[in-house]
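Below: the structure, in structure tokens.
The values are calculated or read from the model by the stated rules, or taken from the named source; none is laboratory data. Computed from a predicted model, the values in this text were never measured in an experiment. When we count neighbours, we look across all protein chains shown, and the Cβ atoms used for this are built from the backbone with ideal geometry, even at glycine.
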Amino acid sequence: MKLYYTPGASSLAPRIIAFEAGLDIEYDKVDLKTQTTASGRDFIRINPKGDVPALALKCGEILTEVPVILEFLADQVPSAQLLPALGSLKRYRVKEWIDFTSTELHKGFDPLWEAPMPDKARQLAVCRLHRRIGYLDRCLQGQPYLTGEQFTVADAYCFTVLTWARFHRVDLSDYGMVLGFMQRVSSRQMVRQALQAEGLPAAA
């Protein structure tokens with residue numbers, strides 16, 4: 001398999017899960033401005049949507065979208081316990097957090113990538129993010145990870161998206177549970193290795 005990624009983008013989450021699961025995956029960096037890969041390929045021909053991540057399977061098929069790729073990778077190594085069993089309520093709880101991260105956090109950061117951005121529009125976007133992060137902070141009360149004691153694909157995705165807060169100067173200092181979560185995830189050996197592989201700071 002080959003994962004097409006851009007350092008620090010949402011494609012970091014599948015890399016973390018691949019490392020956690022011990023999967024042997026090839027990585028090809030994508031320049032999103034030129035839509036070319038480090039191997040010299042036209043990325044639009046790989047993923048017409050032009051976004052990372054994209055996962056090339058051995059059969060020749062291409063998977064896109066973070067939630068789908070995370071689920072696929074986790075299901076390759078059930079013993080890694082990165083996603084509960086199919087049909088179980090625990091699995092749906094993990095997917096619930098994946099969807100929350102995708103629709104409320106990931107998309108919540110989208111306006112902040114636009115430049116230049118009017119101050120009022122930025123304030124509104126940041127205010128909405130704070131409401132969502134506040135909810136996340138309350139849910140993390142008394143538990144290390146999103147669904148309890150077990151690290152899952154949802155934690156990898158949520159962690160990845162929240163690393164963007166530093167880049168966009170979104171202050172997380174009021175969210176002690178979130179800060180603790182970020183520290184716990186970033187201290188995991190495979191997460192550190194994934195960050196280092198992308199040339200990113202080892203601590204979130």
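Let me confirm something: among 107, 90, 120, 49, which residue is part of a loop (DSSP other than H, G, I, E, B), among the charged types (D, E, K, R) and surrounded by fewer than 18 Cβ atoms within 10 Å (Cβ to Cβ)?
49
How many of the residues in the stretch 1-46 are touching a residue at least 24 places away in the same chain (Cβ under 8 Å), surrounded by fewer than 18 Cβ atoms within 10 Å (Cβ to Cβ) and in a helix (DSSP H, G or I)?
Looking only at that region, the number is 0.
Among the residues of the stretch 111-153, write down those that are among the acidic types (Asp, Glu) and modelled with pLDDT of 95 or more. Before you say what the answer is, go through the steps one by one.
We begin by selecting, within the stretch 111-153, every residue among the acidic types (Asp, Glu); these are 114, 119, 137, 149.
Within the stretch 111-153, 137, 149 qualify.
Failed condition for residue 201, given (1) at pLDDT 95 or above; (2) surrounded by fewer than 19 Cβ atoms within 10 Å (Cβ to Cβ), with all others met?
Single failed check for residue 201: (1).
Does residue 83 qualify as being outside any helix (DSSP H, G or I), of a type outside the set (S, T, N, Q) and crowded, with 19+ Cβ neighbours inside 10 Å?
Working: outside any helix (DSSP H, G or I): yes; of a type outside the set (S, T, N, Q): yes; crowded, with 19+ Cβ neighbours inside 10 Å: yes.
Here the answer is yes, as residue 83 does meet what is asked.
Residue 125: in a helix (DSSP H, G or I), more than 19 Å from the chain's Cα centre (by Cα) and surrounded by 15 or more Cβ atoms within 10 Å (Cβ to Cβ), yes or no?
Numbers: in a helix (DSSP H, G or I): yes; more than 19 Å from the chain's Cα centre (by Cα): yes; surrounded by 15 or more Cβ atoms within 10 Å (Cβ to Cβ): yes.
Criteria met by residue 125.
Got at least one residue in the stretch 144-166 being closer than 19 Å to residue 187 by Cβ, crowded, with 16+ Cβ neighbours inside 10 Å, among the aliphatic types (A, V, I, L, M) and in contact with a His (Cβ under 7 Å, 6 or more places away or on another chain)?
The answer is yes; a qualifying residue exists.
Restricting to the stretch 145-160, give me the number of residues that are closer than 23 Å to residue 7 by Cβ and either hydroxyl-bearing (Ser, Thr, Tyr) or in a helix (DSSP H, G or I) (or both).
Residues in the stretch 145-160 being closer than 23 Å to residue 7 by Cβ and either hydroxyl-bearing (Ser, Thr, Tyr) or in a helix (DSSP H, G or I) (or both): 8 in total.
Every residue in the stretch 63-93 that is of a type in the set (Gly, Ala, Ser) and within 17 Å of the chain's Cα centre (by Cα), please. Spell out the reasoning first.
Keep residues of the stretch 63-93 that are of a type in the set (Gly, Ala, Ser), which gives 74, 79-80, 85, 87-88.
Of everything in the stretch 63-93, just one residue is of a type in the set (Gly, Ala, Ser) and within 17 Å of the chain's Cα centre (by Cα), namely 74.
Which one is nearest to residue 19 (Cα to Cα), of the residues in the stretch 52-70 that are surrounded by fewer than 20 Cβ atoms within 10 Å (Cβ to Cβ) and not aliphatic (A, V, I, L, M)? Steps first, please.
Here is the first cut: in the stretch 52-70, the residues surrounded by fewer than 20 Cβ atoms within 10 Å (Cβ to Cβ) are 56-65, 67-68.
Cutting the leftovers down to not aliphatic (A, V, I, L, M) gives us 58-61, 64-65, 67.
On the way: 58: 18, 59: 21, 60: 22, 61: 22, 64: 19, 65: 19, 67: 17 Å.
The residue in question is 67.
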